[in-house]
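Enquirer: Before anything else, here's the structure in question.
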Amino acid sequence: MPKRTRITIVLLSLLVVLGAAAVILQKQSRSQASFFSEFAVSDTSNITSIILTDRDNRTITLERISPGEWKLNKAYTANSVVIESLLKTLYNIEVKGLVAKSAHNAAVSNMAARNTYVRIYQKVPRIRLGKMNLFPHIKMTKSYYVGGPTQDHLGTYMKLPDNDRIYITYVPGQNAFLSLRYSTSESDWRDHTIIALTIQHIKSVEAEIPGRPDESYRIEKTGERTFNMYQYYDKPVTIPLDSIRVLEFLAAFRNIKYEGLINDITQERRDSILNSVPMQTLTITGTDNRKHTIVTFRRKSPYAFDEVTGKVLQWDRDRLYALINDGKDLTLCQFYVFDEILKPFTWFRADFNPAEQGSFSEEQL
């Protein structure tokens, strides 16, 4: 065999070996990458829905309505901040490793005691031709179980449905376990907005202050910056009003939020709150004629007295209760937010000096 031929054969053989080795290394690399990203979603922008179900069969369904807008259980607007946190987790989550054999039984017990089944649906193409995506359809692309934290609370147990291996997962750069981000409590996912109407979308506001009919009123918008005001709900106001204060009051309804839902309190405590005399009942009617009613109640002070003045404190100066959503939800709110909309009629008089009076909440306490 000629020398040149032998050299050619050797070179070809070497190329074949190198090519085979490259393929093997590439497969190993992909396998390793797949292992570490077993639970991650590489493109969260095409997620259409996420379903979370716990051992008690409580289910959270999150559906994307439009970019940045999600629906919770087909009934409520989902909290955009909490949704964004979950999406970042889905994108960044990595596998730290498999549970050691010595700890496997303990991890199995952990998963059995508490777990949440996660299903992720995405809009994906049936056919990919280069950069072309053809025949998109909605498909469940990920499903797994989320357990509790590891003993050091730096990882979270997770498991795939089709095998018994238990993984330890984490988000690089974050020393936290991930279970809470897959909560099945509806209150954790709800948007905290009570009302978000701009002044252009408000038709009228009625404020009823029990026991103080002279301070109760109704404001009806007649134009972009014009309005009529009534006392006792139907008596036209003839005294001069501070129109700037009225317009600022109406503008405050653009972003009123509660601090937290408290629907899980005992029925006895709920009845105690709702059977007390309201601070004020607000009825806001939008230009679409939809009515939003907010009934506010005082909250007992968590402190017996003021540490500075020594004054006995009966009512909380920082927080109050508000009944919203047609009486379905009882919420805890901050006076910091509500002071802007809890105004007596006197507040709007042109001859009234706000500097001479504290907030309406303080007056009521």
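Enquirer: Can T184 be described as outside the structural domain of H292 (by TED's automatic domain parsing) and assigned to a loop (DSSP other than H, G, I, E, B)?
Expert: Yes.
Enquirer: Related question: Which of the residues that make up the range 168-214 are of a type in the set (A, V, I, L, M, F, W, C) and within 26 Å of A40 (Cα to Cα)?
Expert: I168, V171, A176, F177, L178, L180, W189
Enquirer: Quick check on my filter: what residues within the range 115-144 are under 22 Å from D162 (Cβ atoms), basic (K, R) and in contact (Cβ under 8 Å) with a residue 24 or more places away in the chain?
Expert: R119, K142
So that you can scan it fast, the table gives a plain yes or no per residue for (1) touching a helix residue (DSSP H, G or I) at 6+ places or on another chain (Cβ under 7 Å); (2) of a type in the set (F, W, Y); (3) under 21 Å from H292 (Cα atoms):
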{"site": "I194", "(1), (2), (3)": "no, no, yes"}
{"site": "I202", "(1), (2), (3)": "yes, no, yes"}
{"site": "E206", "(1), (2), (3)": "no, no, yes"}
{"site": "R245", "(1), (2), (3)": "yes, no, no"}
{"site": "A251", "(1), (2), (3)": "yes, no, yes"}
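Enquirer: OK, next. Filter the range 147-157 for residues that are touching a residue at least 24 places away in the same chain (Cβ under 8 Å) and either more than 20 Å from A100 (Cβ to Cβ) or not in a strand (DSSP E or B) (or both) and give the result.
Expert: Correct list: T150, H153, G155.
Results for (1) in contact with a strand residue (DSSP E or B) (Cβ under 9 Å, 6 or more places away or on another chain); (2) under 27 Å from Q200 (Cα atoms); (3) modelled with pLDDT of 95 or more, shown as yes or no for each residue.
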site	(1), (2), (3)
N289	yes, yes, yes
Y303	no, no, no
L323	yes, yes, yes
I341	yes, yes, yes
Q364	yes, no, no
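Enquirer: Residues that are touching a Pro at 6+ places or on another chain (Cβ under 7 Å), buried (at least 17 other Cβ atoms within 10 Å of the Cβ), more than 18 Å from G327 (Cα to Cα) and hydroxyl-bearing (S, T, Y): does the range 215-238 have at least one?
Expert: So far as the range 215-238 goes, yes, one or more of its residues are touching a Pro at 6+ places or on another chain (Cβ under 7 Å), buried (at least 17 other Cβ atoms within 10 Å of the Cβ), more than 18 Å from G327 (Cα to Cα) and hydroxyl-bearing (S, T, Y).
Enquirer: Sticking with this structure for a sec: Would you confirm, using the coordinates I've provided, whether V108 is more than 24 Å from D43 (Cβ to Cβ), surrounded by 13 or more Cβ atoms within 10 Å (Cβ to Cβ) and in the same structural domain as T53 (by TED's automatic domain parsing)?
Expert: yes
Enquirer: Which one of these is part of a strand (DSSP E or B), at pLDDT 95 or above and in contact with a Ser or Thr (Cβ under 7 Å, 6 or more places away or on another chain): Y121, Y144?
Expert: Criteria check complete, one pass: Y121.
The values are calculated or read from the model by the stated rules, or taken from the named source; none is laboratory data. This one's a predicted model, so the numbers in the text were calculated from it and none came from an experiment. Every residue, glycine among them, receives a Cβ derived from its backbone with ideal geometry; neighbour counts consider all protein chains shown.
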